[in-house]
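This report concerns only the one structure given below.
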Amino acid sequence: MTPLGPRETSEGRHESPEERADRRWNELLQEVRVLQTGVQILFGFLLTVAFTSRFPTLSHTDRTIYVVTVLLGAATTGALIGTVTFHRLVTGHRLKPETVFWAARLALVGIVLLLATVTSALLLILRIAMDDTAVPWIVTGLVAWFMLCWFALPAWVLHRYSDRE
């Protein structure tokens, strides 16, 4: 029994492969929209940092972390926008299920890159804002939290509630 009631024993939705691909594409597009908004705000903020008056006073290590963070943000943006351009380039070739499959993989790569970007940004900001000795512990704790929310919990639910054949 699932938290929402008894599990349906039929095949679930009655949709053709094309209808399933359309539904999954729409779901993926909504997910990517949420991700892209956050990434665009973070990336835009990161791009402005180099033009602040405080930037020249950063240590070599902090500048390196900044550059890595900007590069990760750019890679994240590329992966997430890649989901849409992938679709745009193969539209009309009757490859919707394959498009959804590969675009979903690109989105997952974007999520992993987002985790790296946020981790790097947190490391940079917290190194500047507080005592260096506590920063690695705080960042590690937050990364563990993200991993739990973004990957471990969905994996557990999938394992716990999936049909076992």
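Along the Cα→Cβ direction, 7 angstrom out, place labels at Gln30 and Thr140. What is the inter-label distance in nm?
Here the modelled spin labels are 3.9 nm apart.
Using a cut-off of 13 Å between beta-carbons, work out the net charge of the residues near Thr69 (Lys and Arg +1, Asp and Glu -1, Thr69 not included).
Counting the neighbours of Thr69, the net charge comes to +1.
Using a 1.4 Å probe on the protein chains only, how many percent of the accessible area of segment 8-165 belongs to carbon and sulfur?
Within segment 8-165, the accessible surface is 66 percent carbon and sulfur.
Just flag the trypsin sites (Lys or Arg not before Pro) in segment 101-165 sitting in loop per DSSP whose Cβ has no more than 12 other Cβ atoms within 10 Å.
Arg164
To test your reading of the geometry: what angle, between 0 and 90 degrees and rounded to tens, separates the Cα axis of helix 60-90 from the longest principal axis of the chain?
For 60-90 against the chain, the angle is about 20 degrees.
Given a 1.4 Å probe, how much area per residue of segment 41-165 is accessible, in Å²?
Using a 1.4 Å probe on heavy atoms only, each residue of segment 41-165 averages 64 Å².
How far apart, in nm, are the 7 Å Cα→Cβ label points at Asp22 and Ser162?
2.8
Under 8 Å for C-alpha pairs, at least 6 residues apart: give me the relative contact order for segment 1-150, rounded to a whole percent.
Once divided by the residue count of segment 1-150, the mean separation gives 26 percent.
The values are calculated or read from the model by the stated rules, or taken from the named source; none is laboratory data. Just so it is clear, the structure is predicted and the values come from calculations on it, not from any experiment. Heads up, the Cβs are rebuilt from the backbone with ideal geometry, glycines too, and the neighbour counts pull from every protein chain shown. Just the protein is used for accessible areas: all its heavy atoms, side chains included, with ligands, DNA and RNA removed. Shrake-Rupley method; radii C 1.70, N 1.55, O 1.52, S 1.80 Å.
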